[in-house]
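Colleague: Attaching a single structure in structure tokens format; questions to follow.
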Amino acid sequence: MKHLRLIRNVQLGIKTLWLHRLRSGLTILGVVFGVASVIAMLAVGEGASKEAIEQIRKLGSRNIILTSVKAQADSRPSQNQRVSIYGLLYDDNKRLQETFPTIRRTAPARHLTKTARVRDLAMELRVVGTTTAWFDLVERRIVAGRVFDRRDVAEVRPVCVLTEHGARRLLATKNTIGETVRIEGHVFEVIGIIETESATGGVQTPDQPTDAYIPLSTCRNRFGEMIIEMSSGSRISELVELHQIVVEVDHEVNVEPTADTIRSMLERFHDQEDYKMSVPLALLRQAEATKRRFNIVLGAIAGISLLVGGIGIMNIMLASVTERTREIGVRRAIGAKRSQIVGQFLVETTVL
């Protein structure tokens with residue numbers, strides 16, 4: 001009996017809604033826009049922050065990145081020549097390895113902008129002299145060949161690893177692995193190609209799309225320590241031992257305390273602040289906190305739209321009850337119970 005009564009109420013509810021198609025359609029439209037605004041707002045917030053968070057996560061949650069920067073106080077310039085001495089030192093890297101028990105390993109690097117040539121093709125590359133640890137701390141997929149190993153570093157071999165972007169431009173019509181590249185008069189053998197990772201979301205990655213990685217020992221042997229650039233008829237010389245040191249900490253809980261200790265150590269051995277420190281874990285936490293706040297704000301704004309849609313349904317149903325007072329009275333007069341009438345209106349609301 002109850003089953004038949006429910007079926008009859010559903011049929012009656014659908015028939016009533018069909019008689020008022022425009023009102024029912026507008027009510028449904030209000031709900032659709034309310035729910036869609038919630039989904040769209042939260043999706044916008046999620047998408048806007050996801051790329052930046054993923055980029056930070058790729059830097060390594062256990063890594064600390066130290067970078068040399070030119071301090072405000074520079075060496076005394078002469079009339080036609082200036083020598084700038086600044087940045088991280090080989091001794092800094094040695095102290096990091098020997099002093100801090102929480103540091104697993106480091107990847108020192110020197111950056112030199114050089115012109116590379118393969119027969120008649122030429123392009124400007126950023127030559128990165130580093131150690132084998134670089135490819136473990138800055139993880140990039142190996143597209144072809146291999147990266148250099150400890151033997152290549154120890155024997156000062158003239159080998160290089162190109163990024164995919166640089167290899168496509170420089171070796172577009174050549175064989176890749178085993179090809180020779182001439183960099184500022186020095187010949188290097190291409191032994192591998194790694195994936196290119198571009199900086200997005202305002203986050204600067206340690207690598208660049210046009211990098212050529214060579215052993216640090218080879219870099220010092222072939223190009224020396226002095227960086228010389230010609231600008232506006234004058235020669236600018238820079239003496240920078242290391243442009244970057246990527247530090248890996250043993251556990252995430254030790255990253256921020258280790259970063260504070262490293263900062264204190266550098267302040268002790270550097271007369272000027274010619275370095276900067278980036279802690280991806282701290283950036284990641286900050287980005288995730290910003291994302292949460294952003295989602296709360298957007299969710300609140302969208303929730304208002306959903307609330308308006310719900311109030312619209314309630315208003316329509318109240319209006320429906322008011323205009324159907326005569327119908328309700330007739331049904332009550334012929335014996336309909338209060339629960340049956342309430343059930344009819346609840347069925348109509350549920351259908352909407």
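The values are calculated or read from the model by the stated rules, or taken from the named source; none is laboratory data. Computed from a prediction, not measured in an experiment: that's the story for all the values here. Note that we place each Cβ from the backbone using ideal geometry, even for glycine, and neighbour counts take in every protein chain shown. Keep in mind that these areas ignore ligands, DNA and RNA; they rest on the heavy atoms of the full protein, side chains included. Shrake-Rupley method; radii C 1.70, N 1.55, O 1.52, S 1.80 Å.
Colleague: In this structure, is Val190 more than 26 Å from Ile65 (Cα to Cα), modelled with pLDDT of 90 or more and not in a loop (DSSP other than H, G, I, E, B)?
Modeller: Against the criterion (more than 26 Å from Ile65 (Cα to Cα), modelled with pLDDT of 90 or more and not in a loop (DSSP other than H, G, I, E, B)), Val190 qualifies.
Colleague: Of the conditions (1) within 25 Å of the chain's Cα centre (by Cα); (2) at positive phi; (3) among the small types (Gly, Ala, Ser), Gly145 satisfies every one except a single condition; which number is it?
Modeller: Here Gly145 meets the rest and fails (1).
Colleague: Name the residue, out of Ala300, Ala259, Ala289, that is closer than 30 Å to Val44 by Cβ, of a type in the set (Gly, Ala, Ser), under 25 Å from the mean Cα position of the chain (by Cα) and assigned to a helix (DSSP H, G or I).
Modeller: None of the other options fit; the residue is Ala289.
Colleague: Can you tell me which residues in region 120-139 are touching a residue at least 40 places away in the same chain (Cβ under 8 Å) and farther than 22 Å from Ser217 by Cβ?
Modeller: Leu121, Met123, Glu124, Glu139
Colleague: Here is a further query. Could you name every one of the helices (runs of 4 or more DSSP H) located completely within region 1-115 that has at least 1 residues being touching a helix residue (DSSP H, G or I) at 6+ places or on another chain (Cβ under 7 Å), modelled with pLDDT of 75 or more and under 28 Å from Val127 (Cβ atoms)?
Modeller: Correct list: 90-99.
Colleague: Can I ask one more? Of (1) under 27 Å from Val190 (Cα atoms); (2) open to solvent by 40 Å² or more (accessible area, probe 1.4 Å); (3) at pLDDT 90 or above, Thr131 satisfies all except one. Which?
Modeller: (2)
Colleague: Which numbered condition in (1) farther than 18 Å from Arg168 by Cβ; (2) modelled with pLDDT under 90 is the only one that Arg146 fails?
Modeller: Evaluating Arg146 over (1) farther than 18 Å from Arg168 by Cβ; (2) modelled with pLDDT under 90 leaves (2) as the failure.
Colleague: Still on this structure, I have one more. Among (1) open to solvent by 90 Å² or more (accessible area, probe 1.4 Å); (2) closer than 27 Å to Leu29 by Cβ; (3) of a type outside the set (Phe, Trp, Tyr), where does Ile316 come up short?
Modeller: (1)
Colleague: Sticking with this one: Is it the case that some residue within region 238-251 is assigned to a helix (DSSP H, G or I), among the hydrophobic types (A, V, I, L, M, F, W, C) and in contact with a Ser or Thr (Cβ under 9 Å, 6 or more places away or on another chain)?
Modeller: Checking region 238-251: not a single residue is assigned to a helix (DSSP H, G or I), among the hydrophobic types (A, V, I, L, M, F, W, C) and in contact with a Ser or Thr (Cβ under 9 Å, 6 or more places away or on another chain).
Colleague: Looking at region 134-158, which of its residues are open to solvent by less than 10 Å² (accessible area, probe 1.4 Å) and closer than 10 Å to Pro215 by Cα?
Modeller: Phe148, Asp152 - these are the residues of region 134-158 that are open to solvent by less than 10 Å² (accessible area, probe 1.4 Å) and closer than 10 Å to Pro215 by Cα.
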